[in-house]
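All remarks here apply to the structure that follows.
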Amino acid sequence: MTTIPSGTNLSTILDSHLVDKKLGETELNNISKNQLKKIKKKEKWLAHKSEKRLKERLKAKEKRAFARAHNINLGPSRKSLKKCTMENSSCKLTITIDMGFDDLMIEKDIAKLIKQILRCYTLNRRAPAPIQFSLTNFNNKSKEQMEKHNGYEHWDVKFFSESYCKVYDSKKIIYLTSESENIIDKLDHDSVYVIGGLVDHNGHKGLCHKLAVQAGVQHARLPLDKFLNMKTRKVLAVNHVFEIMLLITKGKTWQDAFLQVLPLRKNAKLVTQDDKDEINSSIESSD
């Protein structure tokens, strides 16, 4: 009779197909309902995995054929991408995503965060000079969600289970938070910029700022107010912050980067001279 050794990782069991090949009814009865639910979910996912990959390959093949026929540039080739690594990059600016918010998010939001990180990785992977990109506090639920993407361990991203304060020099850390009174004018390539990996900010307003203060690290915000008028709250998605900063490293201005990245639903409009005069007048009145 096959038994599950104590301390065995459930993901290891699932990925090695022990459920199908080795586990009998007796062993399955010893598994909790929650674990059994995960096993069944994984089995269903594996069943559709091959079919999904085949469809993706066919779709990619059709896309390449269409691009060749219409002389469309699909971006850098796989061969050139292999050379564009963080190690070989001329850009030494570091961005790390703080993944230590698992307990504050539901599974749906964690999955959404992982999708945002995938977007960051894709953008960085295609950049001629990739940013030094990492995930810190990478454990638990976020890691489980990431494990659904086979081969992520081989991505050109650094994964750390430890806190950003333990991985990097605390004197170089700048935590990005919209509540900070410090405004970034120019990116410092010797600094480590931290983006809070939190999707539902509405229920945890000011949390990243509070954590930065408690950790004794610097904090700052992007200069949104200087260039844009936004009717919505100035909290951006993880991938939006990353993409804006990546564009700045490519030589874009803050204004151009904001307008290129921010979605239309943010109602982002350029700050006019009248807006600037109104702000200055307000400051003078308060004095």
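Report the FRET efficiency, 1/(1 + (r/R0)^6), for Lys52 and Leu207, where r is their Cβ-Cβ distance and R0 is 41 Å, rounded to 0.05.
Numbers: r = 36 Å, r/R0 = 0.88.
Step by step, r from the Cβ atoms, then E = 0.70.
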Could you calculate the FRET efficiency of His189 with Gln255 from 1/(1 + (r/R0)^6), where r is the beta carbon distance between them and R0 is 22 Å, rounded to 0.05?
0.60
Dimensionless Rg ratio for the range 98-254, taking C-alpha atoms and the 2.2 N^0.38 Å reference
1.00
Expected sort for Ile31, Ile106, Ile195, Ile244 with the fewest Cβ neighbours (10 Å cutoff) up front is Ile106, Ile31, Ile244, Ile195
With r as the distance between the Cβ atoms of Ile106 and Thr85 and R0 = 35 Å, compute the FRET efficiency 1/(1 + (r/R0)^6) and round to 0.05.
0.50
Computed Rg/Rh of the range 170-262, alpha carbon atoms with Kirkwood Rh
0.93
With a 10 Å Cβ neighbour count serving as the proxy for reagent exposure, in which order, fewest first, do Trp155, Trp45, Trp254 appear?
Trp45, Trp155, Trp254
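Here, each number is a calculation from the coordinates, and none is a lab measurement. This structure is a prediction, so every number in the text was calculated from the model and none was measured. Methodologically, a virtual Cβ is constructed for each residue, glycine included, from the backbone with ideal geometry; neighbour enumeration extends over all protein chains shown.
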